[in-house]
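Everything on this sheet refers to the single structure shown next.
The values are calculated or read from the model by the stated rules, or taken from the named source; none is laboratory data. Everything numeric in this text was worked out from a predicted model, so none of it was measured. Neighbour counts run over all protein chains shown; Cβ positions are idealised from the backbone, glycine included. The accessibility values were calculated without ligands, DNA or RNA, using every heavy atom of the protein model including side chains. Shrake-Rupley method; radii C 1.70, N 1.55, O 1.52, S 1.80 Å.
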Amino acid sequence: MRVAVLSGGVGGARFLRGVTAVVDPEDVTVVGNVGDDVEVLGLHVSPDLDSILYALAGLADEERGWGRAGETWNALEAAGELGGETWFRLGDRDLGLHLVRSQLLRAGVPLSEATARLASALGLRCHLLPATDDPLRTFLETPAGTFPFQTWFLERGHRDEVDAVRYAGAPEASAAPGVVAGLEAADVIVLAPSNPYVSLGPILAVEEIRAALERRRVPCVAVSPLVGGRAVRGPADRMLARLAGGTTPAHVAGCYVGLIDALVLDEADAPAELPAGVRAVVTRTLMTDDEARRRLARDVLDAAATPA
Ligand code: GDP
Ligand code: CA
């Protein structure tokens with residue numbers, strides 16, 4: 001079974017560990033978010049692609065929830081002593097990856113090719129693709145002003161309520177090589193339990209990707225990132241409450257109108273009334289360990305295989 005997964009960082013990466021445990025990773029294509037990519041200390045950082053790289057390579061710090069395990073912080077500390085920026089936490093090992101990627105990009109290698117090289121060096125067998133090689137950046141409009149994603153999320157601790165989300169560069173962005181082919185070759189398409197606005201939104205803002213989903217001939221299943229109406233982590237619930245008017249499964253499904261055939265939601269959110277054409281699949285969606293991740297992945301793929 002060939003599977004294509006649209007994914008943000010941490011929630012998506014957790015889910016992908018389950019998917020690549022229950023299907024051959026070589027049959028898995030991951031389309032990752034680049035809307036929160038950022039330049040730090042002259043280096044190109046792709047936080048969501050990196051969360052996926054580290055999680056699938058078994059290098060992620062599971063306790064902290066981001067970055068690499070066994071990390072040290074000497075370079076950032078030295079940069080700070082020299083007056084350099086330290087608001088974006090980059091560990092020593094993590095920096096190694098950003099150095100290599102930045103050098104490739106500066107030499108004219110597209111992000112998709114740079115990502116493929118990093119993935120291969122880390123032993124990944126699935127196909128990890130950025131949604132686009134073009135510059136696409138998420139901006140949040142808030143009562144305090146409009147901020148680039150990382151300024152809003154990290155510097156301001158996502159405390160500002162969001163009135164609107166903009167994806168700068170999206171109208172001109174092409175899907176990265178392999179993305180549309182990966183979606184067209186898939187037997188099932190999955191939207192990971194990622195933030196609908198700031199993780200999957202930027203991916204779906206690429207017209208070629210949205211169009212590929214709209215004309216799909218295979219099931220597309222989304223996994224809700226909410227459990228009991230609350231985000232497991234991060235601002236997804238607050239954003240849904242303000243931008244969609246609520247945090248029920250219907251509000252989550254409403255983010256993907258015309259794009260999904262089923263929504264996998266947690267027992268804590270059942271029973272659910274979903275928009276016409278979207279089937280509810282109820283299971284436990286909290287990915288606390290390997291077994292829970294595998295079970296969720298199996299449930300999602302089974303849901304896709306079940307006739308409507
Ligand atoms: P980010 O780019 O690092 O913010 O990661 P994502 O957008 O991929 O994932 C963030 C979302 O994952 C949040 O909205 C969380 O609620 C959701 N999430 C994290 N862990 C779990 C889990 O175990 N189960 C479910 N259903 N959602 C989760
Ligand atoms: Ca992210």
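Table for the structure above
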read-out: Yes/no for VAL218 being surrounded by fewer than 23 Cβ atoms within 10 Å (Cβ to Cβ) and hydrophobic (A, V, I, L, M, F, W, C); value: yes
read-out: Per-region count, region 179-210, residues more than 16 Å from ligand 1 (Cβ to nearest atom), open to solvent by less than 40 Å² (accessible area, probe 1.4 Å) and either among the polar types (S, T, N, Q) or part of a loop (DSSP other than H, G, I, E, B) (or both); value: 2
read-out: Count of residues meeting criterion [in contact with a strand residue (DSSP E or B) (Cβ under 8 Å, 6 or more places away or on another chain), more than 12 Å from VAL19 (Cα to Cα) and not acidic (Asp, Glu)] in region 258-305; value: 23
read-out: Any pair with Cβ under 9 angstrom, 6 or more apart, that starts in region 197-215 at a residue that is under 18 Å from GLY9 (Cα atoms) and ends at one that is modelled with pLDDT under 95 and more than 16 Å from ligand 2 (Cβ to nearest atom); value: none
read-out: Flag if GLN150 is surrounded by 15 or more Cβ atoms within 10 Å (Cβ to Cβ) and not in a strand (DSSP E or B); value: yes
read-out: Odd one out for HIS98, checked against (1) under 19 Å from the mean Cα position of the chain (by Cα); (2) over 26 Å from ALA236 (Cβ atoms); (3) open to solvent by 20 Å² or more (accessible area, probe 1.4 Å); value: (3)
read-out: Pairs with Cβ under 7 Å, 6+ apart, first in region 64-89 and among the acidic types (Asp, Glu), second part of a loop (DSSP other than H, G, I, E, B); value: GLU71/ASP61; GLU71/GLY91; GLU85/LEU41
read-out: LEU274, sole failed condition from (1) buried (at least 17 other Cβ atoms within 10 Å of the Cβ); (2) more than 30 Å from LEU140 (Cα to Cα); value: (2)
read-out: Residue in region 20-27 that is hydrophobic (A, V, I, L, M, F, W, C), open to solvent by 30 Å² or more (accessible area, probe 1.4 Å) and more than 25 Å from SER102 (Cα to Cα) present; value: yes
read-out: Test: residue in region 261-275 that is under 22 Å from the mean Cα position of the chain (by Cα), away from ligand 1 (no atom under 12 Å from the Cβ), closer than 19 Å to LEU200 by Cβ and not hydrophobic (A, V, I, L, M, F, W, C); value: yes
read-out: Candidates ASP266, ASP237, filtered to the one that is touching a Ser or Thr at 6+ places or on another chain (Cβ under 6 Å), open to solvent by 10 Å² or more (accessible area, probe 1.4 Å) and closer than 25 Å to VAL3 by Cα; value: ASP266
read-out: Residue match in region 160-176 (condition: among the charged types (D, E, K, R) and under 18 Å from THR29 (Cβ atoms)); value: no
